[in-house]
Amino acid sequence: MFDYVKGLLEDKRRTEKGCFITVDNSGVGYRFEIPSSDFEQLPDKNSEIKIFVSLIHKEDTMYLCGFLTRETRDIFTILTSVSGVGTKMGLTLLGEFDLYELISLVQSQNYKELTRAKGVGPKLAQKIILELKDKLMKVNIAGVVSETHSKIPQEYGEAVSILQSLGYEDKEIQDAFKKVSIKAGEAQEEVLRAVLTILSL
């Protein structure tokens with residue numbers, strides 16, 4: 001129904017119930033609940049902002065969740081497809097782990113680390129990994145760079161493969177890497193984050 005809303009950040013607040021923002025678009029205020037990790041990256045009030053939308057429709061209520069990038073919204077949708085992972089748990093997981101770390105934990109089946117997220121016990125963590133490993137990891141991120149990516153430094157093959165698993169085409173990935181200034185020895189996580197920022201523009 002909604003893909004994104006662009007407007008002015010009218011309000012942002014962190015409460016015991018979560019992190020919330022209000023975006024004014026042509027005189028209509030849209031209220032979103034967002035992950036705490038996105039909350040930390042918000043601009044000042046009255047700045048222009050683009051929020052990717054997930055409409056949550058339950059029997060007795062309807063509300064919006066918002067994300068700074070399309071990729072985070074898409075991962076949220078995949079997370080909440082797991083039985084036992086509701087909206088709050090999905091937001092909690094995205095607040096605790098960035099996309100690179102979350103995908104890596106699922107692929108490596110490191111359920112113990114997933115229990116760092118509030119409310120995630122060992123059984124639920126193992127269930128998340130079992131149900132998500134095929135959805136999140138369609139390719140092996142062993143660090144092997146395909147011939148198509150020969151212009152991308154080989155040490156970032158893991159980041160490339162994660163981007164492939166998220167559905168990006170080879171040309172999109174190559175073009176995004178060209179726009180990112182990579183420092184010698186820069187961590188995979190930082191490179192992936194920078195490339196995802198370019199791809200979400």
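Strictly over 32 Å apart at the Cα level, which of Lys45/Lys179; Lys17/Lys171; Lys118/Lys178; Lys123/Lys171; Lys17/Lys123; Lys58/Lys171 would you flag in this model?
Lys17/Lys171; Lys118/Lys178; Lys123/Lys171; Lys58/Lys171
Quick one: what are the phi-derived ³J(HN,Hα) couplings along the range 165-175, Karplus 6.51/-1.76/1.60 with θ = phi - 60°, whole Hz, x for glycine and proline?
Once θ is set to phi - 60°, the couplings for the range 165-175 become 5, 7, x, 7, 7, 4, 5, 4, 5, 4, 4 Hz.
Using the Karplus curve 6.51 cos²θ - 1.76 cosθ + 1.60 with θ = phi - 60°, work out ³J(HN,Hα) for each residue of the range 89-101 in order, rounded to whole Hz, and write x for Gly and Pro.
Whole-Hz 3J(HN,Hα) from phi for the range 89-101: 5, x, 5, 5, 4, 6, x, 7, 10, 7, 4, 4, 5.
Using modelled backbone amide H atoms (1.01 Å from N, in-plane), which distant-in-sequence or interchain residues come within less than 5 Å of Glu10's amide H?
Thr22, Val23, Asp24, Asn46
Any idea what angle helix 188-199 forms with the longest principal axis of the chain, computed on alpha-carbon atoms, 0 to 90 degrees, nearest 10?
Tilt of helix 188-199: around 60 degrees.
Which aspartates and glutamates have a Cα less than 18 Å from the Cα of Lys135, not counting those fewer than 8 places away in the same chain?
Counting by Cα, and skipping residues close in sequence, Lys135 has these aspartates and glutamates nearby: Glu71, Asp74, Asp98, Glu101, Glu158, Glu169.
Just the projected area, averaged over all directions, of the convex hull on the alpha carbon atoms of the chain: how many nm²? Walk me through the numbers before you get to the answer.
On the way: hull surface 49.3 nm².
Averaged projected area of the chain's Cα convex hull equals 12.3 nm².
Per DSSP H run of at least 4 residues, take -39500 (n - 2.57); add these up for the chain, divide by its residues and hand me the 222 nm value, nearest 500 deg cm²/dmol.
Mean residue ellipticity, 222 nm, calculated: -11500 deg cm²/dmol.
Coordinate-derived values only; no laboratory data. It should be emphasised that the depicted structure is a prediction, and the values quoted were computed from it without experimental measurement.
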